[in-house]
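Enquirer: This is the structure I have questions about; it appears just below.
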Amino acid sequence: MKINIVSSKQSWINPYLKKFSNYLKRRKMNVKILYTHNHIKKSDISFFLSYWDVVPERILKLSKFNLVVHESNLPKGRGWSPITWQILKGKKKIVICLIEATKKKDSGDIYLKKEIFFKGNELIDEIREKQVKVTLSLCKNFLVKYKNRAIKKKRQKGASSYYFRRSPKDSLLQLNKTIKQNFNLLRIVDNKKYPAFFYFKNNKYIIHIYKEKK
C-alpha cells in the first residue's frame, strides 16, 4: 500500500506524523511524509493533515483516496481553526470527521466520525495532544477498513457554516473582562507564535500562560 502523509512544514503536528509514519512502516506499508503536494505521485491514499495549501484537482487524481481530518460536526464549522473557535465558545465535546479532500474546502463526503472530550482546563499543548490522538485513530481506522474493503461514506447534510482564519491579533485579551471570562482565549494561545496580549496606557503587554505541574 502506497501512502502519503502531507503536512505544512511549519505545523505543530509534524513530530506526531513521524511516529505515525514509523507505525505504518512497521506494518509493511510504503509511506512518504511530504511538505508539498507537488511531490505526490500515484498512490493508494494521501492523508492531508494540518496542510494549509490548496491542492489542485490534478494532484487529487493521483491518489485513490485523498483524506482530510476536520474538527467539527460537518457541514457546521467548515473553514479555519474549528477546534479553536469551538473551545472559545466553551464547548467540551467536539466531533472530528475524516472526509474526502475536494476542490471545495471541507465539503467532501464523510468516512468516519469520532468525538473528542475536554474538561475545560486544558491549555494548547494538552488540546493538541487530545486532538492528534483522535486524528491518528481515525486514519488508522480507515486503513483497517480499506484493507478489509469495508469503506463506507456519507454525504454532508444540512446547512453549512464557516469559521474564519485566525491571526495573532485574535489573541487580544479584553481588560474589562475577568480572568475567568478570558480563560478560554488563554487556553488556545500559543506562547511562542501568537501569545496573549493586551494594551494599557499606550503600551502592549504580552502574557505567557503555563499550567503548574502537579
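Enquirer: Counting only C-alpha contacts under 8 Å and six or more residues apart, can you give the relative contact order of segment 49-99 as a whole percent?
Expert: Reported relative contact order: 42 percent.
Enquirer: Something else: Hand me the GluC sites (Glu not before Pro) from segment 35-134 located in a DSSP loop with no more than 13 other Cβ atoms within 10 Å, in residue order please.
Expert: Within segment 35-134, no GluC sites (Glu not before Pro) qualify (loop, at most 13 other Cβ atoms within 10 Å).
Enquirer: OK, next. If you scale each eigenvalue of the Cα gyration tensor by 5 and take the root, what three semi-axes come out for segment 84-124, rounded to whole angstrom and sorted largest first?
Expert: 25, 12, 7
Enquirer: Sequence gap at least 6, Cα distance under 8 Å: using those rules, report the relative contact order of segment 95-214 to the nearest whole percent.
Expert: Once divided by the residue count of segment 95-214, the mean separation gives 21 percent.
Enquirer: Now for a separate question. Are there chymotrypsin sites (Phe, Trp or Tyr not before Pro) in segment 133-195 that DSSP puts in a loop and that have at most 12 other Cβ atoms within 10 Å, and which ones?
Expert: Phe164
Enquirer: Looking at the chain as a GNM with Cα springs under 10 Å, which of Ser81, Ser72, Ser167 has the largest mean-square fluctuation?
Expert: Ser167
Enquirer: Continuing with the same structure: At a temperature of 25 °C and a viscosity of 0.890 mPa s, determine how fast the chain diffuses translationally according to Stokes-Einstein, using the Kirkwood radius over alpha-carbon pairs as Rh; express D in µm²/s, rounded to the nearest whole number.
Expert: Estimated diffusion coefficient is 132 µm²/s.
Enquirer: So, one more: Calculate the dipole size of the chain relative to its Cα centre from +1 charges on Lys and Arg beta carbons and -1 charges on Asp and Glu beta carbons; express the result in debye to the nearest 20.
Expert: Using Cβ point charges on Lys, Arg, Asp and Glu, the chain gives about 680 debye.
Enquirer: Would you work out the charge dipole size for segment 51-156 about its Cα centre, treating the Cβ of every Lys and Arg as +1 and the Cβ of every Asp and Glu as -1, and quote it to the nearest 20 debye?
Expert: That gives segment 51-156 a dipole magnitude of about 600 debye.
Enquirer: If you don't mind, another one. Taking Cα pairs under 8 Å and at least six residues apart, what relative contact order does the chain come out at, in percent?
Expert: Relative contact order comes out at 16 percent.
Enquirer: Here is a follow-up. Under 15 Å from the Cα of Lys89, which aspartates and glutamates turn up, not counting those fewer than eight places away in the same chain?
Expert: The reachable aspartates and glutamates, counting only those whose Cα sits under 15 Å from Lys89, are Glu71, Glu122, Asp170.
Enquirer: Out of segment 165-202, which trypsin sites (Lys or Arg not before Pro) are coil in DSSP terms and have no more than 10 other C-beta atoms within 10 Å?
Expert: Arg165, Lys192, Lys201
Enquirer: How long is segment 1-90 along each principal axis, judged by its Cα atoms, biggest number first, in Å?
Expert: 42, 29, 23
Enquirer: How large is the charge dipole for segment 1-119, taken about the Cα centre, if only the Cβ atoms of Lys, Arg (+1) and Asp, Glu (-1) carry charge, to the nearest 20 debye?
Expert: Rounded to the nearest 20 debye, it is 360 debye.
Enquirer: Something else now. Quick one, what does Rg over Rh come out to for segment 134-214 if you take C-alpha atoms and the Kirkwood Rh?
Expert: So for segment 134-214, dividing Rg by the Kirkwood Rh gives 1.21.
Enquirer: Among the helices of the chain (complete DSSP H runs), which have Cα atoms covering no less than 30 Å along the helix axis and a Kyte-Doolittle mean of at least -1.0?
Expert: Span-like helices, by this rule, are 124-147.
Enquirer: For the cross-link pairs Lys133/Lys211; Lys9/Lys193; Lys9/Lys119; Lys32/Lys93; Lys76/Lys154; Lys113/Lys147, which exceed 23 Å when the distance is taken from alpha carbon to alpha carbon?
Expert: Cα-Cα > 23 Å for Lys9/Lys119; Lys32/Lys93; rest within.
Enquirer: While we're on this one: Please name whichever of Pro75, Ser137, Phe164 sits farthest to the positive end of the charge dipole of the chain, dipole taken about the Cα centre and charges placed at Cβ: Lys and Arg +1, Asp and Glu -1.
Expert: Ranked along the dipole, the leading option is Ser137.
Enquirer: Over segment 66-151, what per residue volume does the convex hull of the Cα atoms give, in whole Å³?
Expert: With only Cα atoms used, segment 66-151 gives 87 Å³ per residue.
Enquirer: Which of Pro56, His208, Ile188 sits closest to the plus end of the dipole of the chain, meaning its Cα is farthest towards the positive end, when Lys and Arg get +1 and Asp and Glu get -1 on the C-beta?
Expert: Pro56
Laboratory data are not the source of any read-out in this text; all were calculated from the coordinates shown. Treat the numbers as computed from the prediction; the structure is a model and nothing was measured. FYI the Cβ positions are ideal-geometry reconstructions off the backbone, even for glycines, and counts take in every protein chain you see.
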